[in-house]
Amino acid sequence: MGSGFAKSDQLKKRDRETSLLVPAATAMRAALLIQRWYRQYVARLEMRRRCTWNIFQSIEYAGEQDQIKLYNFFGYLMDHFTPASSERNLISHIFRENNICRNVDWERYFCYKSIEQLHSRYVLQLLGETWRLLRILPNISQISTCHSKEITICGDLHGHLEDLLLVFYKNGLPSSEKPYVFNGDFVDRGKDSLEILLILFSFLLVYPNDVHLNRGNHEDHIVNLRYGFTKEVLGKYRLHGKKILKLLQKIFSWLPLATVIDNKVLVLHGGISDTTDLHLISRVDRHKYVSALRPPKRKRQNRSGITDSDLEDDDPTTKPVDSSRRRVHSLTHSSSTGTRHEVQRRSLQGLNNRVTCSVEEELKERRRQAGLSQSYGDLRNSLANSDSDPDSGELLESYGDEWKQIVDMLWSDPMPQDGCVPNEVRGGGCYWGPDVTEEVLRRHNLTLLIRSHECKQEGYEFCHNRRVLTIFSASNYYEVGSNRGAYIRMGPDLVPHFIQYQANRATRALTLRQSVGRTERSALRALREKLFAHKSELISSFQEYDPENTGLISLGHWACAMEAVLRLGLPWRVLRTQLVGDTLDGMLDYHLWFRELAITEPNTELSNASLLETMYKHHSNLETIFRIIDTDNSGLISFEEFRQTWKLLSSHLQTEISDEAISDLAVSIDFNKDGSIDINEFMEAFRLVGGDLLQNEGDPH
C-alpha cells in the first residue's frame, strides 16, 4: 500500500509539472509573437519617419537652391545693365547697402540717443556695442579647456527661443566658468530670431572671452529676405526696423568663421572642401563678404574712363573712402540722368524681352547649372567674362579663392563617398568625403571636426569614421515631434558628451505612433503643395507615358514622372500608398488623382490658371522680390511696383506673363481698393489649404 501511494503521489506531481510546462511553452510562443509583431510595428513607424524626414529635407534644400538661383539672377542684372537702368537701381541697394564709409559716419547713423522708444534705443545700443567688439576678433577663435570647466557647443537655433532657454536651464548660463560656442544659424524660420541674437550678444559683451559665435549661412541679409528674419524685424520694430537690419547686416559680416578648441577640434558651421586652408581663412577680410552668395568684384573701366572698386561692403575700418570718390560717384550719377529717363520711357515688355535674350545668349550654361552648383571656376568666368558690357565686373583671383573658402565653410555637407563635388542639392558649397576629412585634419593637426547646418533626428550624428560630428540644437524643427535638439559638453579629454531634449511640452505627451503620424501629415501637406504647384508639368510628364490619351498610367510610370519633374530624390514607390488612393487594375487615373488632392484655391477672382500656378510654384521668390522692391519697408507696394515684380520674375524664369494678366491679379488682391498691395495680405491670400492626405494617425502604411 505504501509503495502504491508513493507511485500515485509521483504521478500526480509529474502531471502537475506537465500541466505547468504546457502553459509556459504557450506563453513563450505568445511572447515571441508579440515581440516579433512589435519589432515589425516599430520598423514600419521608423520607415514612415525616415520617409517623412526625406520629404522635409528635400523641400528645404530645394528652397535654398531656388534662393541661390534668384540671387544669381539679381547678380546678372547688376553685371549686365548700366547704373542708369531702372531695373538695376531697383535691386542695387541689395549689394550696396553699406555706402556709409567712415566709422564716425556709422556711429552717427546708428546713434540711439535720439530715439524715444525705450526698447529700440537699447536694441541699437546693444547692437552697436556688439559691432565694435566683433571688429577686433580674429576670423578663427582659439579657446582652451581646463580640468575645472567644460565647453558647451550648440548648433543651429533658427529662431527657436525655447530651445536656447532650455539649454541654459539644463546646462547653466554662459560665464567664465561655463564657456559656450554657438555654431551659427541663429536666425530665420523661427519666430524669435531677434530675441536669440540679443541674448547671445548680451552674453558676448559680458563674457567676450567665454562666449564664441560662429557665422552660419543664414547670417546673410539676402537669405534673411526669404526665410523670415527680415519680416520679423520689420514687424517688431516698425519705426527703427530698417536701422536695426542694416546694423545686423554689418554684424553678420564681422562674425568669426570658426573656432578651434585646444588646437585639436575645429568647430565651423557648414564644412570643408579639398581646398580648405585654415591659414588662408585666418587672413581674409571676412567683413567684405556681407553676403557669402556673391563674391567681391572689381569694376573695369567704364565709358567715362573712370574705374571704381565695387567691393561688396567696402568697409570703413580697413579702407576709408575719401570725399573725392563720392564726388566722382555723384558726377557719374548726374551724367546718366538722360539715359535714366530714356530707360523709364521703355515699355516693361521691351525690358522683359531684352533681359530674356541676354540671359539666353550670355548665361545659358550658368542657368542650366543653377548658379553655385557649377564649379567655382566656371561661375567666376560666367560672372566676369562679359566683354560686351563695359560695366560688367572682373572677379579678382585672390577674392575668388577667399570667397570659395568662405562659401564652403558656410554651405557644405559631408557625404559617405570619397571625393569632393559641388553640392547641387543645396545649390551652394560642396559635398566632401572621408578622404577629404582625413587630409584636412591631418594637414592642420586636428582630431575632430564639429559642424551644424543639417537637422538630425536625434540632434547629433557622427560620420567619416567619427571624425565629423553634426550638432543641431533646434528641436521640433520641421514639426512638433519631428526631431530632438542636442548640445555637446567637452572637457580636456576632448570627448564629446551629448545632451538631447525636445523643448515643446506637447511632444512628451505624444506616443511614438502619434508623433510619427503628426509629422507625417505635415510633411505630406507640404509635398502636396509642391505637387499642385507643378500640376501642368506633371500632367505633361504623365501624358508622355500615355500616348493613347487614356488618362491612365502605371504606378511605376507615375513614380518616374514624379521624380523627373520634382527632382526631390524621394522614394516615390514607398510614398505611393500615402499619395495615391484607389487604382484600376494597378493603373492610375491621373486627372482624377489631381482632383482628389483636395487643394482649396485662394480667395481671389483671378481666372488665369497659368499665372496662378506660377504664383504657387515661386511663392517664396515673389515674397523675396516684393521685400526688395519695398525699399521703405512699409509693407506696401504700388501697382507699378507689383508689375515690376512680376516682370523681374518672368525674366528670371524666362516665361511670358502678359500685362493684362498681371493687372487682373493686382486688382483681384487689392482688397481695400486703395491702389496699393499689402505684401503680407498678398502672401496670405495665396496660402494653400486643404484636407489631410492621411485618414488617421494609425494609418498602417
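For this structure, a couple of remarks:
- Net charge, VAL436 excluded, C-beta distance under 14 Å - Lys, Arg +1, Asp, Glu -1: -4
- For region 129-136, Karplus couplings with θ = phi - 60° (6.51, -1.76, 1.60), whole Hz, Gly/Pro x: 5, 5, 4, 5, 6, 4, 5, 9
- Accessible-area composition of region 444-494, carbon plus sulfur, in percent [1.4 Å probe]: 36
- Flagged links, alpha-carbon separation over 19 Å, of LYS535/LYS617; LYS530/LYS617; LYS617/LYS647: none
- Gyration tensor (alpha-carbon) shape descriptor, region 125-200, a/c threshold 1.5: oblate
- Residue-normalised accessible area of region 427-533, expressed per residue, 1.4 Å probe, Å²: 36
- The order of the peptides 148-158, 40-50 by mean Cβ neighbours within 10 Å, most packed first, is 148-158, 40-50.
- Rounded to the nearest 10 Å², the accessible area of TYR545 at probe 1.4 Å: 90
- Computed packing ranks the peptides 127-133, 256-262 as 256-262, 127-133, most packed first, by mean other Cβ atoms within 10 Å.
- Computed 3J(HN,Hα) for region 424-436, one whole-Hz value per residue from the Karplus formula 6.51 cos²θ - 1.76 cosθ + 1.60 where θ = phi - 60°, is 7, 6, 7, x, x, x, 9, 9, 10, x, x, 5, 5, glycine and proline marked x.
- Each peptide in 204-217, 568-581 gets a packing score, the mean of other Cβ atoms within 10 Å over its residues, and the list from highest to lowest is 204-217, 568-581.
- Cβ-based net charge around PHE203, under 15 Å, with every Lys or Arg adding one and every Asp or Glu removing one: -3
- Distant-in-sequence amide H partners of TYR487 (H built 1.01 Å from N, under 5 Å): ILE499
- Summarised in one figure, the compactness ratio Rg/Rh of region 113-257, Cα atoms and Kirkwood Rh, is 0.96.
The values are calculated or read from the model by the stated rules, or taken from the named source; none is laboratory data. What you are looking at is a predicted structure, and each value in this text was computed from that prediction instead of being measured. Backbone-built Cβ (ideal geometry, glycine too); neighbour counts: all protein chains shown. Heads up: the accessible areas ignore ligands, DNA and RNA and are worked out on the full protein's heavy atoms, side chains in. Shrake-Rupley method; radii C 1.70, N 1.55, O 1.52, S 1.80 Å.
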